[in-house]
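Throughout, read-outs are computed from the coordinates displayed, never taken from laboratory work. As the structure is a computational prediction, the values presented were derived from the model and not from experiment. Cβ sites come from the backbone with ideal geometry, for glycine too, and all protein chains shown count toward neighbours.
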Amino acid sequence: MIKDRKRTAIVSQLILTILAFIWIVPIIYVVLQSFRAEGGQFVSYFVPQQWTLKNYIYLFTNHDGWNYGQWFFNTLFVSAVSGSISTFLTIGVAYSLSRLKFRLKGFYLRFALIIGMFPGFLSMISIYYILKALNLTNSLWSLIIVYSYGAALGFYVQKGFFDTIPQSLDERAQIDGASRWEIFKFIALPLAKPIIVYTALTAFTAPWMDFIFAQVVLGNNQSKWTVAVGLFNMVSAKENANSLFMSFAAGSVLIAIPITILFIWLQRFFVEGVTAGSVKG
């Protein structure tokens, strides 16, 4: 029995090692290509023969209208604002559904579960025409609206976390004369720090990495592009695909650094939020 367990553990570790290697190879490739001095999109070797920082410098010198610095700021602005709005809405809805009793509560829970099964991009065309009718396209605020509008439906993990907080704390606070808002502010929120961090991190990363909605909503307005849209358009033209591939790789590395550092820094709260929220969620 013990030998079988050891054999199973060894096989599992071997499989995980192989999967980790497969996962990290493309990342290493992109990082190496961002420092490659010799031009060309397709080469027959993995490690660059000559090294340079010009690919990174090119991004911030505004060649041919490719303003990477502006794209980076746009991405940060949209992610920060929409992430804050989404976090507030999600936490508020989750707490309300966990603690309050009201009519149609069960219906809303089932409705949100069913709607959440459909991918968001299915509504992309209708959302675009609604924004166009309201003259809200080609702006960063329209993108913030798109990322924030469905936040109230993604509450199940957060609700599961609030369900783990004893309701006796709320009852004692009510006996002492605390209002529902004071209970939420001074009792629920401090205890919900892991799930708040988890919600904020996921709400921030979604706009940070999104391409589909940003491309549709922002159109050809280069000054409003996010990094994903800007890098795509930079290499989508045939005349640029070969010469700007290394700068494309450099831009991909730069946009990944902040979110990687943020995730590593908040990883402990992220794991606690997922674990506690999934127990009852």
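Listed values, structure above:
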| item | result |
| --- | --- |
| Spatially near lysine pairs across the chain, Cα under 22 Å, sequence gap of 8 or more or different chains | 12 |
| Convex hull of Cα atoms in the chain, direction-averaged projection (nm²) | 21.5 nm² |
| Mean Cβ neighbour count within 10 Å, used as a protection proxy, ranking 228-235, 127-134 highest first | 228-235, 127-134 |
| Debye log10 I(q)/I(0) for segment 24-93, one point scatterer per Cα, at q = 0.13, 0.18, 0.20 Å⁻¹ | -0.61, -0.83, -0.90 |
| Fraction of alpha-carbon pairs over 11 Å apart in segment 77-118 - percent | 71 percent |
| Contour minus Cα-Cα distance for S139 and L169 (0.36 nm per residue) | 6.3 nm |
| 222 nm mean residue ellipticity, helices alone, for the chain (DSSP H n ≥ 4; -39,500 (n - 2.57); rounded to 500) | -22000 deg cm²/dmol |
